[in-house]
Structures are given as structure tokens and as C-alpha cells.
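Each value in this text was obtained by applying a stated rule to the coordinates, not by laboratory testing. Note that the structure is predicted; figures quoted are calculated from it, not measured. Please note: Cβ atoms are built from the backbone with ideal geometry, for glycine as well, and neighbour counts cover all protein chains shown.
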Ligand SMILES: NC(=O)c1ccc[n+]([C@@H]2O[C@H](COP(=O)([O-])OP(=O)(O)OC[C@H]3O[C@@H](n4cnc5c(N)ncnc54)[C@H](OP(=O)(O)O)[C@@H]3O)[C@@H](O)[C@H]2O)c1
């Protein structure tokens, strides 16, 4: 992908743990980024932190309200806690039409976050798709990658499952995740997001046992994949 062909990515709630980690990786890879927040001043601070961390190596990164960020981008990543997914999407829905929405949400139900408890729709990603309708292509990804690894700067030792009903949208997101330094796999239709979302609660139990940020690896692939 040449710089001119790189999509403009908005990260809504991009001031948080996962959002700042993803922003770091995509900015370093030369993607034009918009950090969205409920509070544009908070987004300005997140952009300043990113610039000082990447020491001028970042592509254009802008700060905006979530609504303006969604309007200005070609692809939108939602990185807010599950409890705020619905309200945040409602606040930007008119800006999402015709775009790809990347859903990273893990529907954890505190206090039992180590127990799989998926919503009635089957998954947070399917809920988002039902809420937004067919005009938005929801792609689910990244639920199993710990923000701490993305923020660390070292290579991310974790694969990514990517689920979507649109083959083309799914491939775009697979390519974006590869640009951020991870292997991403086509993992089937959006309904399969249930598996990726559920896996996070499984990983939380491993994290507790080993005081780590565990991830997943796909094995058995042909050589040189
Ligand atoms: N952390 C991880 O390691 C990880 C890994 C995989 C997936 N995820 C998923 O990624 C998403 C974000 O996780 P996170 O750890 O980055 O969360 P977080 O840091 O707690 O929050 C992310 C952002 O959400 C926004 N937010 C907070 N309360 C809100 C509200 N009431 N309404 C609207 N927006 C609100 C805030 O942005 P503003 O205040 O700037 O608006 C905040 O910076 C979650 O769905 C999580 O399941 C996280």
C-alpha cells in the first residue's frame, strides 16, 4: 500500500488503552489517523503523547470529537468499553454510513470477567451490526491482543481473528492489522466473533495464573505463511 492509498482511520475512544496502542502501531506504519474522544481536549493530549513517543516518525495524526472523527475517516475503529458501545455508536451512526466499522469490543460482565457471558445477540459485534444496519460493514477483530503489548513497541506475539460478512471489508481489515505488525486470519462470518470475544475471558484466567498478557497463536499452517 503506498502512502497515498492508505485509508484514513478514526479511532473512537482512541484515548484509552487499546486505542492508544493501535494508534501507535498505525501511526508508525504511516497511516493518517484521527483520535476521537468525547472530549476533544483529551484527544489533543493523546495526539501530543503519540507525537512525542514516535518523535516525528508519525504520519498525520489529528484530534477530534468522536462524531467529527467518524465523519472524516474512511474506516472507523470503536475502542470503548462494552457498556458504552451502544450509546457511542448511536452518537455517530449518521457518520458511519457506507463505511467499515471495526469492532474490538469484548462484552465482559464485571465482576466475573473470567467467565464467558456473551450478550443475547450472540456477540458484541453482531449487536453493533444489528444496531447500525446493512449500510455499515462491521468487522470484528483484535479482541485477544492486550493493549500492553501494542503499547510496548516490541513485536506483538499474538495472532488476530477477523470475522465479517463482507469479504472485501474483512480483507481490508486483515491488511490493516498486518500493517500494524500482526498476523490476521479470516475467521468466518461476523457471527463467529462470539468465539474471539469468548476467548478473551479464557485468556483472562491464564493472565491471572501467570501474571501476564496472554495471546493466541494459530498453528499447523503451511511453511512460510
Ligand atoms: N485493553 C485491552 O487490552 C483490550 C484488548 C482487546 C480488546 N479490548 C476492547 O477494547 C475496548 C476498549 O478497551 P480499553 O481497555 O481501551 O478501554 P478504556 O481504556 O477503559 O476506555 C477506552 C475509552 O472509552 C471511552 N469511554 C469511557 N467511558 C465512556 C463512556 N461512558 N461513553 C463513551 N466512551 C467512553 C474513553 O474515551 P474518551 O474519554 O476519550 O471519550 C476511554 O479512553 C473494549 O471494548 C475492550 O473490550 C481491550
**Message:** At R0 = 30 Å, how high is the FRET efficiency between residue 219 and residue 112 if r is their beta carbon distance? Nearest 0.05 is fine.
**Reply:** 0.50
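What shape does segment 52-148 have by the C-alpha gyration tensor, where a ≥ b ≥ c are the square roots of the eigenvalues, rounded means a/c under 1.5, and otherwise prolate means a/b greater than b/c and oblate the rest?
oblate
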**Complete:** Honestly segment 92-207 on the Cα gyration tensor test (a ≥ b ≥ c root eigenvalues; a/c under 1.5 rounded, otherwise a/b vs b/c for prolate or oblate) is just oblate
**Asked** For segment 108-155, rounded, prolate or oblate, judged on the Cα gyration tensor with a ≥ b ≥ c (square roots of eigenvalues), a/c < 1.5 rounded, else prolate if a/b > b/c?
**Response** oblate
**Request:** At 0.36 nm per residue, minus the direct Cα-Cα distance, what do residue 155 and residue 55 gain on full extension? Give it in nm, one decimal, please.
**Result:** 34.1 nm
**Request:** Could you work out the Rg to Rh ratio of segment 21-68, with Rh taken as the Kirkwood radius (inverse of the mean 1/r over all Cα pairs)?
**Result:** 0.95
**Ellipticity estimate at 222 nm from DSSP helix runs (n ≥ 4, -39,500 (n - 2.57)) divided over the chain, nearest 500** = -12000 deg cm²/dmol
**Simple spin-label estimate for residue 121 and residue 209 in nanometres, 7 Å along Cα-Cβ** = 3.3 nm
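Largest first and in whole Å, what are the equivalent-ellipsoid semi-axes of segment 1-125 based on the Cα gyration tensor, each being the root of 5 times an eigenvalue? Intermediate results must be reported in sequence, preceding the final value.
Working: eigenvalues 130, 53, 37 Å².
Output for segment 1-125: semi-axes of 25, 16, 14 Å.
Which FRET efficiency, nearest 0.05, do residue 94 and residue 2 yield, Cβ-Cβ r, R0 30 Å?
The calculated FRET efficiency here is 0.45.
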**Request:** Would you mind checking segment 191-209 for residues with the amide N under 13 Å from a putative spin-label position 7 Å along Cα→C-beta of residue 148?
**Result:** 204-209
**Complete:** With label points set 7 Å from each Cα along the Cα-to-Cβ direction at residue 191 and residue 86, the distance between them in nm comes to 2.3 nm
**Request:** Would you mind giving the three semi-axes, in whole Å and largest first, of the ellipsoid equivalent to the chain according to its Cα gyration tensor?
**Result:** 24, 21, 18
